[in-house]
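The values are calculated or read from the model by the stated rules, or taken from the named source; none is laboratory data. Note that the structure is a prediction, hence the values are computed from the model and not measured. Backbone-built Cβ (ideal geometry, glycine too); neighbour counts: all protein chains shown.
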Amino acid sequence: MSAGLFELRRDMITGWWVATVVDRQFQRGRFSLAAAAVDDGDACQNCTQPPGDGVRVRTLKDYAFHVVGAQDDAREMERSLAQVAMSQARAAGSWRTIVAPPGEHRPLQAVGSEMLQTMLSRVRQAFLEAQQVGQTEYLQVVQNWGAQAGARTNHLCLDLYDLPQIPHRVAEEIGGAARFVIREGECPYCRLVREEPRNGTRMIWEDEANVAFAPYASRSPFEVWVVPRRHAADFGTASDADIASAAEALRQVLARLACLDGPPHNLVLHAAPLRERVDATYHWHWEVHPRLREIAGLELGTGLPVNPVSPEEAVEQLLRYGTAGGAADLP
């Protein structure tokens with residue numbers, strides 16, 4: 001019988017289950033995939049728009065979302081959309097991107113700390129501005145790296161999506177974290193940053209400010225979370241020291257993942273909603289999801305993530321191969 005025993009693991013925060021393959025011999029070649037370049041016709045718009053030499057913010061869509069709950073809602077929206085004033089349209093959300101200086105097409109881990117800190121400071125500023133305006137519910141920060149991860153540019157950038165509703169995944173985390181605090185008396189993320197270093201089998205990197213580890217119920221191969229030790233829900237309250245330490249942690253993690261031939265990945269920030277106070281129960285953190293496989297029928301049919309590499313095996317591989325020419329040589 002071929003290997004492929006599933007171990008069902010439960011996420012202690014959301015309560016969701018993941019099927020993890022635990023008895024298959026690891027084949028590194030199956031998970032080595034270089035991020036493919038985007039065909040931009042040798043005309044990178046992020047190099048020229050907006051004009052300037054440093055880190056810039058580019059607005060791609062001023063009106064990106066409207067909420068439609070059913071087909072009847074959609075028909076009503078179509079009838080009234082032309083009469084919506086622009087000031088109201090902006091309340092439905094926008095799509096912006098924080099772009100690195102012109103010509104910066106290197107991966108995140110290859111750029112200097114100063115540039116990345118500047119980009120993350122712009123993210124913090126975006127949170128503060130969105131909270132002051134009070135027109136949207138959630139600000140999602142994303143980096144898509146490589147064509148396989150949905151990137152539409154080769155330029156180093158962080159996308160900002162002002163969303164008119166709290167995303168399902170984040171809502172599940174917020175609710176699950178609140179229930180955990182009621183049940184256990186502490187923030188689940190604070191417990192993770194204390195317990196994962198003690199356990200050690202899923203640890204990738206740590207310093208005085210951050211802990212980077214593969215979550216026990218990893219949904220994708222080589223998934224990594226970067227969680228600050230200091231409890232905070234709102235990224236807008238991050239200090240300059242928090243920004244600097246987060247930048248270094250992300251560079252260290254992605255340098256280790258680069259041993260998989262520089263894979264495509266999605267980097268996402270999960271933080272508190274803009275108009276809800278969850279300071280006592282939620283904890284902002286970064287998630288890195290390398291895009292190393294296709295989603296199959298079991299996952300589509302059941303909603304059950306299937307991870308063909310256990311997080312413990314993934315960490316072993318990253319620690320074995322992920323420093324040569326990677327984190328040790330960071331600029």
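Key figures
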item	result
Leading residue by the ranking (surrounded by the most Cβ atoms within 10 Å (Cβ to Cβ)) among those in the stretch 261-302 that are over 22 Å from G185 (Cα atoms) and among the β-branched types (V, I, T)	V288
Unmet requirement for L33, which otherwise passes all of (1) in contact (Cβ under 8 Å) with a residue 24 or more places away in the chain; (2) farther than 30 Å from T302 by Cβ	(2)
Candidates E172, E186, E114, E104 - the one that is surrounded by fewer than 18 Cβ atoms within 10 Å (Cβ to Cβ) and part of a loop (DSSP other than H, G, I, E, B)	E186
Qualifying residue in the stretch 154-167 (condition: buried (at least 19 other Cβ atoms within 10 Å of the Cβ), touching a Leu at 6+ places or on another chain (Cβ under 8 Å), in contact (Cβ under 8 Å) with a residue 24 or more places away in the chain and assigned to a helix (DSSP H, G or I))	no
Failed item, numbered, when A89 is tested on (1) at pLDDT 95 or above; (2) of a type in the set (A, V, I, L, M); (3) touching a Phe, Trp or Tyr at 6+ places or on another chain (Cβ under 7 Å)	(1)
Restricting the stretch 1-45 to residues that are of a type in the set (A, V, I, L, M) and at pLDDT below 85, the residue that is nearest to L257 (Cα to Cα)	V22
A43 vs. criteria within 24 Å of the chain's Cα centre (by Cα), in a loop (DSSP other than H, G, I, E, B), of a type in the set (A, V, I, L, M) and exposed (fewer than 13 other Cβ atoms within 10 Å of the Cβ)	no
Which numbered condition F127 fails, given (1) surrounded by 18 or more Cβ atoms within 10 Å (Cβ to Cβ); (2) closer than 19 Å to Q49 by Cα; (3) in contact with a helix residue (DSSP H, G or I) (Cβ under 6 Å, 6 or more places away or on another chain)	(2)
